[in-house]
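Structure first, commentary second.
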Amino acid sequence: MQNTALTHVHQSLSAKMVPFAGYNMPVSYPTGITVEHNAVRNSVGVFDVSHMGEFILSGPKALDLIQLVTTNDASKLADGKVQYSCMTNDQGGIVDDLLVYRINAEKYYLVVNASNIDKDWNWISKHNSMGADMKNVSAETSLLAVQGPNAIKALQKLTDVDLSSIPYYAFAIGTFAGVADVIISNTGYTGSGGFELYMQNADAEKIWYAVFEAGNEFGIIPCGLGCRDTLRLEKAFCLYGNDIDDTTSPIEAGLGWITKFTKPFIHSDYHKHLKETGAQKKLVGFEMIDRGIPRQHYKIKDAAGNEIGEVTSGTQSPTLNKAIGLGYVKTEFSTVGSDVYIDIRNTLIKAKVVKTPFL
């Protein structure tokens, strides 16, 4: 089990620690998941997400490699911009979803999921026939996600970079809390605004404490993986391993908007055909009509009890005070307003397909 540079800090705060993607990670603090969730929605909270992976691709062939392995069109990126994308495999599924940062025309920064670091590195390396320079900096990089509507007010105290000038899905590299060359990125996984900060491990503790001092007036609190999941689910953000995986196409997952057929990518003909002919299943959002919490792998059925799909994510939404979920269903049941039933311990519990995001 690996630790982040801040594991000892979480333990000193009596965080509940759990194994996650090979790392010892905080799932919640004594305040509890609901308090943490509401802090992010209404003010500001801080996540240590240093378990994520970071690769640097550089040289004259870096963009060619990214264009081959990712579905989005990275040629549209300008310096200082970020793009959400995914990598597809040879069987029509998704290797991983990721962020692509363009530092300059010959230098890109890729951020991948913690559970897929080795898998992604090997996959990109396998297709690097053009000779792009690759460097895996995951082990030396720490990442803090400072999320919520007051994040910008707290963080602006710590840098001369004008944070209000960084649009959504853009970034700057500057001095932060006295530390040089911090990537300050207007991105996040909560849907409540905020910034992500990339730094060297040696600087993580200094920046952590500086952020908490700056956010004290806003009631800033540390947040764990538990509320990260409830926050992202309210916004219907896909989680790799739940809602997308090696067997799901981005077309089926509602990620057609990051799947550009203006250039070839790995197995792109398959996904283009799926888009043109129509997928047999689709990822939908649903809310529970009757009482019950949907959980991953619960079967989704029609009124007659016939299996039509499976739940991929589900929770009790702290903001909406109702149970919500994502799942794949046969396309004919994917229309907003369709009644579906979640099989919870051999009882059919009524739900309804709804438009996403939920919040």
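Read-outs: derived from the displayed coordinates by stated rules, not from any lab. Quick caveat, the model's predicted, so the values are computed rather than measured. Note that we place each Cβ from the backbone using ideal geometry, even for glycine, and neighbour counts take in every protein chain shown.
When segment 22-53 is limited to residues that are surrounded by fewer than 17 Cβ atoms within 10 Å (Cβ to Cβ) and in a loop (DSSP other than H, G, I, E, B), the one that is farthest from the chain's Cα centre (by Cα) turns out to be P30.
For every residue, the table says whether it meets (1) assigned to a loop (DSSP other than H, G, I, E, B); (2) closer than 21 Å to S192 by Cβ; (3) not aromatic (F, W, Y).
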| position | (1), (2), (3) |
| --- | --- |
| T315 | no, yes, yes |
| T319 | yes, yes, yes |
| Y328 | no, no, no |
| V340 | no, no, yes |
| K350 | no, no, yes |
| V353 | no, no, yes |
| F358 | yes, yes, no |
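Within segment 84-104, identify whether any single residue is under 27 Å from A170 (Cβ atoms) and assigned to a loop (DSSP other than H, G, I, E, B), and answer yes or no. Scanning segment 84-104, I find no residue that is under 27 Å from A170 (Cβ atoms) and assigned to a loop (DSSP other than H, G, I, E, B), so the answer is no.
Restricting attention to segment 167-186, and to residues there that are of a type in the set (A, V, I, L, M) and in contact (Cβ under 8 Å) with a residue 60 or more places away in the chain, which single residue is nearest to K119 (Cα to Cα)? It comes out as I183. Counting just the residues of segment 114-128 that are out of contact with any helix residue (DSSP H, G or I) (no Cβ under 8 Å at 6 or more places or on another chain) and farther than 11 Å from V69 by Cβ, which one comes out surrounded by the most Cβ atoms within 10 Å (Cβ to Cβ)? Across segment 114-128, the extreme among qualifying residues is N116. The residues in segment 260-299 that are touching a residue at least 60 places away in the same chain (Cβ under 8 Å), in a strand (DSSP E or B) and within 22 Å of the chain's Cα centre (by Cα) can be counted, and the count is 4.
Taken over segment 1-15, the residue count meeting the criterion of being of a type outside the set (V, I, T) and crowded, with 16+ Cβ neighbours inside 10 Å is 4.
For segment 63-87, the candidate set comprises residues that are in contact with a Leu (Cβ under 8 Å, 6 or more places away or on another chain) and small (G, A, S); within that set, the residue that is surrounded by the fewest Cβ atoms within 10 Å (Cβ to Cβ) is S75. Please work out if A204 is part of a helix (DSSP H, G or I), crowded, with 19+ Cβ neighbours inside 10 Å and among the hydrophobic types (A, V, I, L, M, F, W, C). Taking the combined requirement at face value, the residue satisfies it. The single condition among (1) in a strand (DSSP E or B); (2) free of Cβ contacts under 8 Å to residues at least 60 places away in the same chain; (3) of a type outside the set (S, T, N, Q); (4) crowded, with 20+ Cβ neighbours inside 10 Å that E310 does not meet is (4).
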